[in-house]
Amino acid sequence: MISIPDHLLDDPAALKQLIAQMQSKVAHLEEQNALLRQRLFGRKSEQTVDPATPQLALFNDWRIHRSAAYDLGAFSRRYNAVIRGWIEYYGKFWYRNFSYRLWSALQSRFLKWMKSKYRISTRQAEHRLRLVRKGNPELFAHWYLLRASNV
């Protein structure tokens, strides 16, 4: 236990040093507390973590909407393994909330890509993407999750 002296020092430098010592001890105790909690209760349950946040950030890193050199087949070959892994892992915990939010964000990236590549309106891009989905529903792993919705 940290003991606080009964009388405080008048020297400001000594007080700063005492505060610094106390802060380092508090940080050390917080670190030990976190490790003890992890040992006792394990890591946080996956069900309490927001699933879509890291994936949505990854969509931004992929920069699908900025890539004019690819076609949808190239995107499929490049990203389907990752998407399929997310479906397998996260689909067990958050089927409805996870799938709609994440896959609609991915679809919006494809729409932005189509708009910039073909220089067409949003409505035309949605129509073309819908035609591609109907013609080749296995192109992307997440398209079977979107059958019920018009995303």
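Annotations
- For the stretch 36-51, a residue qualifies if it is surrounded by 10 or more Cβ atoms within 10 Å (Cβ to Cβ) and at pLDDT 65 or above, and the qualifying residues are Leu36, Arg37, Gln38.
- Applying the condition of being of a type in the set (Phe, Trp, Tyr) and at pLDDT below 85 to the stretch 95-129 and asking which residue is surrounded by the fewest Cβ atoms within 10 Å (Cβ to Cβ) yields Tyr95.
The values are calculated or read from the model by the stated rules, or taken from the named source; none is laboratory data. No experiment lies behind these values; they were computed from the predicted model shown. Glycine also receives a Cβ, built like all others from the backbone with ideal geometry; neighbour counts cover every protein chain displayed.
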